[in-house]
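Below is one structure, written out as structure tokens, with a few remarks after it.
The values are calculated or read from the model by the stated rules, or taken from the named source; none is laboratory data. Keep in mind it's a predicted model, so treat the numbers as computed, not measured. Cβ sites come from the backbone with ideal geometry, for glycine too, and all protein chains shown count toward neighbours.
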Ligand SMILES: C[S@@+](CC[C@H](N)C(=O)[O-])C[C@H]1O[C@@H](n2cnc3c(N)ncnc32)[C@H](O)[C@@H]1O
């Protein structure tokens, strides 16, 4: 891992993912989580302040980034429910069958190299009827924006830690064996359109 990935990217990512419009998006879905929660790609733990402590028993965060773990641990000290950080990928995660009530995934499906395999691998850990709460950015509906997204993606991916701006999030969830139950979309205010088209809502195992 180079200097950029170790020292520059973690604060950059924490700052970009902590912008006001993104915090506003987090508030739309994270408080709905309940029970034993699995957060896919917990990163620096920016969702932790948005969980409802009266509804959440514990949050298990899975993320391969050892660089972001310290930030997540600091955020975990500010909340009243237990937070466990598993430094591994979703694909390699050791979780008991049917042990999770809610899967939360925010601004992560853009970055996981094989997001379909990662989501698919989590299915056995979810209890029957478990909710998947998601909020992600991705492929815009407007052709001009899409063209720009496809053009800039190779460069963007290199500077933004593997983030892709052109993933079709609902299609990706469906391809991973989930059924999208509720979906909302919009361009985030104050955010370039190529990076700011958001999808949020809920899904369940199909
Ligand atoms: C852009 S960050 C988003 C962090 C956080 N979810 C948020 O909302 O701020 C994407 C995260 O996905 C993590 N990630 C990448 N590949 C992963 C995988 N295979 N399994 C789990 N997490 C992964 C990265 O380490 C990074 O922390």
Problem set entry | Residue list for segment 35-74, restricted to those being surrounded by fewer than 16 Cβ atoms within 10 Å (Cβ to Cβ) and more than 18 Å from residue 108 (Cβ to Cβ) | 35, 52, 53, 54, 55, 57, 58, 70, 73, 74
For this session: Kindly establish whether residue 35 is within 22 Å of residue 80 (Cα to Cα) and either away from the ligand (no atom under 13 Å from the Cβ) or touching a residue at least 40 places away in the same chain (Cβ under 8 Å) (or both).
Result: yes
Problem set entry | Any chance residue 24 is at pLDDT 95 or above and either near the ligand (Cβ under 9 Å from one of its atoms) or closer than 26 Å to residue 120 by Cα (or both) | no
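Take the conditions over 27 Å from residue 123 (Cα atoms) and part of a loop (DSSP other than H, G, I, E, B) and apply them to residue 70. Does it pass?
For residue 70, the condition - over 27 Å from residue 123 (Cα atoms) and part of a loop (DSSP other than H, G, I, E, B) - is not met.
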Problem set entry | Given (1) under 21 Å from residue 46 (Cα atoms); (2) modelled with pLDDT under 95; (3) out of contact with any helix residue (DSSP H, G or I) (no Cβ under 8 Å at 6 or more places or on another chain), index of the condition residue 191 fails | (3)
For this session: Quick one: count up the residues across segment 143-183 that are in contact with a strand residue (DSSP E or B) (Cβ under 7 Å, 6 or more places away or on another chain), surrounded by fewer than 19 Cβ atoms within 10 Å (Cβ to Cβ) and either part of a loop (DSSP other than H, G, I, E, B) or in contact (Cβ under 8 Å) with a residue 60 or more places away in the chain (or both).
Result: 1
For this session: Considering every residue within segment 44-51, establish whether at least one is closer than 21 Å to residue 93 by Cα, within 13 Å of the ligand (Cβ to nearest atom), modelled with pLDDT of 95 or more and not in a loop (DSSP other than H, G, I, E, B).
Result: yes
Exercise. Within segment 89-142, which residues are in a helix (DSSP H, G or I), within 18 Å of residue 170 (Cα to Cα) and over 14 Å from the mean Cα position of the chain (by Cα)?
Worked result: 117, 120, 121, 123
Problem set entry | Residue match in segment 3-21 (condition: more than 10 Å from the ligand (Cβ to nearest atom) and part of a strand (DSSP E or B)) | no
Exercise. Quick one: would you say residue 84 is touching a strand residue (DSSP E or B) at 6+ places or on another chain (Cβ under 8 Å) and surrounded by fewer than 14 Cβ atoms within 10 Å (Cβ to Cβ)?
Worked result: yes
